[in-house]
Amino acid sequence: MDKAIKILKKPLTMTLIAVFFGFIVAGIILAAAGYPPVHSLAVLFDGVFSSPKHISNVIIKSTPIILTGIGVAFAFKTGLFNIGAEGQFIMGCVASTVVGILFDFPPVIQIPLVVLAGVAAGAVYGGIAGFLKARFGIHEVLTSIMLNWIALYFSNYVCSLNRFHKPDTIGTYPINRSGYTMILGNYKTTEAGKAALAQNKFLRSTVLKTDVNVGIIIAVILAVFIWFLLYKTAKGFELRAVGFNKSAAEFSGIYVNRNILHSMLISGAICGLAASLYITGNSPHGIATLAAFENTGFNGLSVCLIAASSPIGCIFAGLLFGGLIYGGQSLQYEVGAPSEIINIVIGVIVFFVALTRIIPPLVDRFSKGGKKHD
C-alpha cells in the first residue's frame with residue numbers, strides 16, 4: 001500500500017493521469033459534438049504513428065516547442081514567470097534571418113554565426129525584462145507581455161524592408177543555404193542524393209520528404225545540460241535559492257538582483273536558440289508578416305506546465321504537444337472535426353496537470369484514514 005501511494009505521488013504518475021483524463025474528456029466532447037470518439041482518437045494517433053514521415057514531422061514540429069518550454073521552465077525554477085518567450089522567439093527569428101541573409105560564409109562559420117545571432121537576440125530581449133525586474137522591481141509578466149507585441153511589430157517592419165522582403169510574398173528571402181541545418185540538406189537536393197535516398201523506404205520517408213534537422217538532438221542535450229546546471233552546480237543552487245526565497249537567499253549572501261538578470265538572460269537565450277534552429281532547419285528559412293502570434297513561445301509555456309517545470313520532462317511534454325498539433329490535422333481532414341478540438345484537448349490536459357497538485361493531499365488523507373480504520 002505504501003509503495004502504491006509513493007507511486008501515485010510521483011510527478012510523472014500524476015502527469016500521466018492528467019493526460020489520460022484529458023483524452024477521456026476529449027472523447028466526451030467529440031461525442032457531444034457528433035463525432036465518433038473512439039474512431040476520432042484512433043485517427044489522431046494514426047496521424048502521428050502510422051508512418052516514419054509522420055513521426056519525423058512530429059519531432060520537427062515539437063523541437064521549437066521543447067526548447068521554448070525548457071526556457072520557460074528554467075525561469076520557473078528560479079522564481080520567474082517568463083511569459084515573454086513568444087517575443088524572445090520572434091526576435092531570435094528576426095536576428096537569425098537578417099544575419100543569414102546578409103552573410104554567406106562557409107557552413108562551418110555560417111551556421112554558428114546564424115545560431116549565435118538568434119541566441120544573442122533572445123538573451124538580450126529576455127534580459128530587458130530581467131533588468132527591469134532587478135533594477136526597478138517591475139514584474140516580469142507586465143514587461144514581457146508588452147515586449148511580445150513590440151517583437152511582433154518589429155518583425156513585421158523587418159519583413160517590409162526592401163533589403164529583406166521577397167517580392168510577391170509576405171515574407172523575407174530565405175537565409176543563404178550555407179546556414180541550413182537539415183540532415184543531409186545539401187546532398188538530398190542533388191540528383192545523386194535523391195536517387196540514393198529513394199532506394200531506402202525509411203530514408204525516403206524521413207530525410208527526403210521532411211525537413212528533419214539536428215534541432216531535436218540539440219534540444220535533448222540542452223535539457224540535460226540545464227538539469228545539470230540547476231541541480232549540480234553552485235550557480236544553479238543560487239538561482240533556485242532566489243526562486244524559493246529571495247529574502248533568505250539575500251541573507252545568505254547571494255546577489256538576488258544579479259541572479260534575476262542572469263536567469264532571464266539564460267531563459268531568453270534558450271528561446272532564441274529555439275528560433276535560430278527553427279530558421280536554419282525548417283522551410284521557408286525566413287520570417288513572414290504576422291497578423292497574430294504563432295504561439296511557439298506560448299505553447300512552450302503549456303509544455304513547461306505539463307512537464308511540471310522539469311527540463312527533461314519538457315522533451316516528452318513537447319513531443320506530446322507536437323503530436324497533438326500535428327495529429328489534429330488528420331482529425332480535421334478525415335473526421336471533419338474542427339481544429340479547435342485539439343486546443344480543447346491541450347487545455348484540458350493542462351487543466352488536469354494543474355489539478356494534480358491536489359492528488360498528494362488526497363492520497364495522504366486516504367492513507368491516514370485507512371490506517372485509522374485498521
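Annotations for the structure displayed:
- Surface listing: Tyr333, Tyr157 arranged by accessible area from highest to lowest gives Tyr333, Tyr157, probe 1.4 Å.
- Ranked by how many other beta carbons lie within 10 Å on average, peptides 42-48, 162-168 from highest: 42-48, 162-168
- Summary value for region 182-252: 20 percent relative contact order, contacts being C-alpha pairs under 8 angstrom separated by 6+ residues.
- Range of Cα positions in region 188-245 per principal axis (Å), largest first: 59, 15, 14
- A cut-off under 14 angstrom between Cβ atoms defines the neighbours of Pro64, and their net charge, with Lys, Arg +1 and Asp, Glu -1, is -2.
- Region 172-215, relative contact order in percent, only Cα pairs under 8 angstrom and at least six apart counted: 43 percent
- Computed across region 1-148, the Kirkwood radius stands at 19.3 Å (inverse of mean 1/r, all Cα pairs).
- The chain: mean projected area of Cα convex hull, nm²: 23.4 nm²
- What the Cα atoms of region 152-249 give is an Rg and a Dmax of 21.9, 64 Å.
- Three semi-axes describe the equivalent ellipsoid of region 287-347; taken as square roots of 5 times the Cα gyration tensor eigenvalues and ordered largest first, they are 22, 17, 10 Å.
- GNM result for the chain, Cα springs below 10 Å: residue of Ser252, Ser339, Ser302 fluctuating most strongly: Ser252
- Entries of Lys166/Lys201; Lys61/Lys246; Lys77/Lys209; Lys61/Lys201 with Cα pairs more than 31 Å apart: Lys166/Lys201; Lys61/Lys246; Lys77/Lys209
- Taking packing as the residue-averaged number of other Cβ atoms within 10 angstrom, the listed peptides 18-27, 75-84 run from highest to lowest as 75-84, 18-27.
- Accessible area per residue was computed with a 1.4 Å probe on protein heavy atoms; Cys93 scores about 10 Å².
- Charge dipole (the chain, unit charges on Cβ, about Cα centre) - positive-most of Leu222, Tyr187, Phe164: Leu222
- Stokes-Einstein diffusion for region 175-311, with the hydrodynamic radius set to the Kirkwood value over Cα pairs and evaluated at 20 °C in a medium of 1.002 mPa s, equals 118 µm²/s.
- Charge dipole of the chain (Cα centre as origin; +1 on each Lys and Arg Cβ, -1 on each Asp and Glu Cβ, all else neutral): 960 debye, rounded to the nearest 20.
- Fraction of alpha-carbon pairs over 19 Å apart in region 51-102 - percent: 46 percent
- Net charge of neighbours whose Cβ lies under 10 Å from the Cβ of Asn282, counting Lys and Arg as +1 and Asp and Glu as -1: 0
- Residue among Gln199, Asn245, Tyr173 farthest towards the positive dipole end of the chain, charges placed on Cβ: Asn245
- Length-normalised contact order for the chain - Cα pairs under 8 Å, 6+ apart - percent: 35 percent
- Accessible surface, the chain, averaged per residue in Å² (probe 1.4 Å): 49 Å²
- Largest mean-square fluctuation among Val350, Val38, Val212, in a Gaussian network model of the chain whose springs join Cα atoms under 10 Å apart, belongs to Val38.
- A Gaussian network model of the chain, with springs between Cα atoms under 10 Å, assigns the largest mean-square fluctuation among Ile270, Ile342, Ile279 to Ile342.
- Electrostatic bookkeeping for Ile325 treats Lys and Arg as +1 and Asp and Glu as -1; over the other residues with beta carbon under 13 Å from its beta carbon, the sum is -1.
- Applying the Karplus relation 6.51 cos²θ - 1.76 cosθ + 1.60 with θ = phi - 60° to region 128-134 yields 3J(HN,Hα) values of 4, 5, x, 5, 5, 5, 6 Hz, where x marks Gly and Pro.
- Centroid-to-centroid, using Cα positions, region 52-113 and region 231-303 are 12 Å apart.
The values are calculated or read from the model by the stated rules, or taken from the named source; none is laboratory data. None of these values were measured; they are calculated from a predicted model. Neighbour counts are summed over all protein chains in view; Cβ atoms, including those assigned to glycine, are modelled from backbone coordinates with ideal geometry. For the accessible areas, the whole protein counts, side chains as well, though only heavy atoms, and no ligand, DNA or RNA atoms are used. Shrake-Rupley method; radii C 1.70, N 1.55, O 1.52, S 1.80 Å.
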